[in-house]
Amino acid sequence: MTHNAGGRMKRILVTGACGQIGSELTTTLRDRYGRENVIATDIRMPANEQLRDGGPFEFLDCVDPHHITRVMQIHGVDTIFHLAAILSAVGEAKPNQAWQVNMVGLYNMLEAARQYHCALFVPSSIGAFGPSTPKEKTPQDTVQRPTTMYGVTKVAGELLCDYYNRRFRTDTRGVRFPGLISYETEPGGGTTDYAVEIFFEALRHKRYTCYLREDSSLDMMYMPDAISAMIDLMEADPARLVHRNAFNVTAFSFTPAQIAEEICKHIPDFTIDYKVDPVRQEIADSWPDSLDDSAAREEWDWKPRYSFEAMVEEMLQRIAQRLERPAEQKIR
Ligand code: NAD
Ligand code: AKB
């Protein structure tokens with residue numbers, strides 16, 4: 001029987017909890033489901049105090065099935081958010097590691113979900129598309145021939161999650177995230193990381209050298225909307241879900257030139273220049289400019305709250321507050 005995650009999210013495991021998404025998702029889940037009921041796991045210790053001291057933390061390498069079994073048995077988990085992964089730029093530098101973590105790790109988590117009857121959330125990415133995918137209003141179901149190891153693992157992961165749902169009735173769910181923008185935890189080595197770095201550099205130095213061309217348009221989303229998407233999808237009525245594992249979701253698209261122009265409205269003497277990194281540029285050129293997320297809107301009422309302008313304003317405010325803390329001033 002397919003489980004209703006919304007009704008049964010009682011003991012939640014988060015893998016990759018120290019990462020850009022995991023650090024914020026864990027805190028939100030603890031507020032919502034109780035701090036003792038959310039088990040944060042990673043292969044590194046949390047730097048973030050709130051994450052470290054706010055509830056249980058376990059060392060879990062998703063490539064090692066013994067680690068997973070141990071944590072599943074100790075904690076009686078019923079829901080997993082599997083966020084451990086290697087992102088696109090690091091994946092091109094270390095394709096073998098990307099395969100191990102993204103494929104072997106995912107397979108192990110799917111097996112754990114099957115054996116322990118857990119619901120499982122797995123994020124895919126705009127990286128699951130490639131140069132032959134339609135770039136504008138990229139449909140939910142379309143050509144997927146990515147040219148990166150990251151993308152290959154994301155497409156295979158989407159299919160594997162569909163397979164577990166069809167074959168074993170495992171309650172797998174997921175979205176294709178665009179680049180995510182946040183200020184709590186730095187991004188983990190993706191192609192869209194520039195859209196976070198630019199804010200810190202604008203506030204620290206009033207200038208930024210961008211590794212993508214000024215006209216590289218990519219889908220993006222502010223982290224609070226990404227966190228809502230994950231929780232809303234896991235709480236959604238499964239009877240409404242036609243798709244399951246790879247819902248297109250997006251909030252807005254912009255180029256480096258457009259975000260620089262928006263930042264200039266708040267910091268008039270901010271300047272940007274460009275020193276293109278051919279590896280990340282090629283990846284960005286192979287990804288969509290704007291996704292069609294109508295399936296997510298229809299099947300579980302997905303709707304982002306933040307506009308591009310509201311995101312830029314809030315990012316600048318929050319990072320400015322952060323940079324005023326004495327600890328941050330010592331670093332720079
Ligand atoms: P991140 O790189 O910030 O965090 C990943 C975490 O996984 C890290 O804390 C790392 O220590 C951990 N990890 C690495 N290898 C591991 C292993 N073997 N076992 C356990 N943990 C391991 O990544 P993120 O940005 O938080 O992304 C999380 C998920 O969301 C990934 O699947 C990623 O592909 C997807 N996603 C992210 C974005 C984005 O912009 N952040 C966009 C689309 C999709
Ligand atoms: C990356 O750039 O690798 C990620 C993603 C969009 O999947 N941020």
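The values are calculated or read from the model by the stated rules, or taken from the named source; none is laboratory data. On a predicted model such as this, the values are computed, not experimentally measured, just so you know. As a convention, Cβ positions derive from the backbone with ideal geometry for all residues, glycine included, and neighbour counts pool all protein chains shown. Side chains included, ligands, DNA and RNA excluded: accessible areas come from the protein's heavy atoms. Shrake-Rupley method; radii C 1.70, N 1.55, O 1.52, S 1.80 Å.
Is at least one residue of the stretch 107-121 within 12 Å of ligand 1 (Cβ to nearest atom) and closer than 28 Å to residue 303 by Cβ? Lay out the reasoning, then the answer.
Going residue by residue through the stretch 107-121, those that are within 12 Å of ligand 1 (Cβ to nearest atom) are 108-109, 121.
Okay, now just the ones that are also closer than 28 Å to residue 303 by Cβ, so 121.
Within the stretch 107-121 (the criterion being within 12 Å of ligand 1 (Cβ to nearest atom) and closer than 28 Å to residue 303 by Cβ), the answer is yes, since at least one residue qualifies.
Filtered by the rule that a residue be near ligand 1 (Cβ under 8 Å from one of its atoms) and of a type in the set (Val, Ile, Thr), the stretch 183-205 gives 185, 192.
Of the helices (runs of 4 or more DSSP H) lying entirely inside the stretch 24-131, those containing at least 1 residues that are under 19 Å from the mean Cα position of the chain (by Cα) and among the aromatic types (Phe, Trp, Tyr) are 95-99, 105-115.
Need the failing condition index for residue 191 against (1) under 14 Å from residue 220 (Cα atoms); (2) open to solvent by 20 Å² or more (accessible area, probe 1.4 Å), just the number. So residue 191 meets the others, but not (2).
Every residue in the stretch 247-265 that is open to solvent by 10 Å² or more (accessible area, probe 1.4 Å) and among the hydrophobic types (A, V, I, L, M, F, W, C), please. The answer is 251, 252, 257, 264. Could you grab me the full set of residues in the stretch 22-48 that are open to solvent by less than 10 Å² (accessible area, probe 1.4 Å) and among the polar types (S, T, N, Q)? Those that are open to solvent by less than 10 Å² (accessible area, probe 1.4 Å) and among the polar types (S, T, N, Q): 23, 26, 41.
On the basis of being touching a residue at least 24 places away in the same chain (Cβ under 8 Å) and more than 9 Å from ligand 1 (Cβ to nearest atom), does residue 89 make the cut?
Details: touching a residue at least 24 places away in the same chain (Cβ under 8 Å): yes; more than 9 Å from ligand 1 (Cβ to nearest atom): yes.
So residue 89 fits the description; yes.
Would you pick out the residues in the stretch 121-149 that are out of contact with any strand residue (DSSP E or B) (no Cβ under 7 Å at 6 or more places or on another chain) and open to solvent by less than 20 Å² (accessible area, probe 1.4 Å)? The answer is 127, 130, 133, 148. Going by what's in this entry, would residue 51 be described as open to solvent by less than 50 Å² (accessible area, probe 1.4 Å) and modelled with pLDDT under 95? Here the answer is yes, as residue 51 does meet what is asked. Residues of the stretch 152-182 that are within 13 Å of ligand 1 (Cβ to nearest atom) and of a type outside the set (A, V, I, L, M): 153, 154, 157, 158, 161, 174, 176, 177, 178, 179, 182.
All conditions in (1) open to solvent by 30 Å² or more (accessible area, probe 1.4 Å); (2) in contact with a Gly (Cβ under 9 Å, 6 or more places away or on another chain); (3) among the basic types (Lys, Arg) hold for residue 240, with the sole exception of (2).
Going through the stretch 296-309 one residue at a time, which ones are assigned to a helix (DSSP H, G or I) and open to solvent by 40 Å² or more (accessible area, probe 1.4 Å)?
First, pick out the residues of the stretch 296-309 that are assigned to a helix (DSSP H, G or I): 296-300, 308-309.
297, 298, 309 - these are the residues of the stretch 296-309 that are assigned to a helix (DSSP H, G or I) and open to solvent by 40 Å² or more (accessible area, probe 1.4 Å).
Considering the stretch 151-228, the qualifying strands (runs of 3 or more DSSP E), each wholly inside and each with 1 or more residues that are closer than 17 Å to residue 121 by Cβ, touching a residue at least 60 places away in the same chain (Cβ under 8 Å) and in contact with a Leu (Cβ under 9 Å, 6 or more places away or on another chain), run over 175-177, 218-222. Please state which of the following conditions residue 98 fails to meet, knowing it meets all the rest: (1) more than 27 Å from residue 165 (Cα to Cα); (2) open to solvent by less than 20 Å² (accessible area, probe 1.4 Å). Failing condition for residue 98: (1).
Can you pull out the residues in the stretch 266-276 that are open to solvent by 40 Å² or more (accessible area, probe 1.4 Å) and touching a residue at least 24 places away in the same chain (Cβ under 8 Å)?
To start, the set of residues in the stretch 266-276 that are open to solvent by 40 Å² or more (accessible area, probe 1.4 Å) comprises 266, 268-269, 271-276.
Passing the criteria: 266, 269, 271, 272, 273, 274, 275, 276.
If you check residue 135 against the conditions, is it closer than 27 Å to residue 303 by Cα and assigned to a helix (DSSP H, G or I)? Judged against the criteria, residue 135 is not a match.
Residues in the stretch 67-95 that are among the β-branched types (Val, Ile, Thr), within 16 Å of ligand 2 (Cβ to nearest atom) and buried (at least 22 other Cβ atoms within 10 Å of the Cβ): 1 in all.
Going through 9, 72 one at a time, which residue ends up being hydrophobic (A, V, I, L, M, F, W, C) and modelled with pLDDT of 95 or more?
Details: 9 fails: modelled with pLDDT of 95 or more.
Result: 72 is the single residue among 9, 72 that is hydrophobic (A, V, I, L, M, F, W, C) and modelled with pLDDT of 95 or more.
Residues of the stretch 270-289 that are within 12 Å of ligand 2 (Cβ to nearest atom) and in contact with a Lys or Arg (Cβ under 7 Å, 6 or more places away or on another chain): 288 alone.
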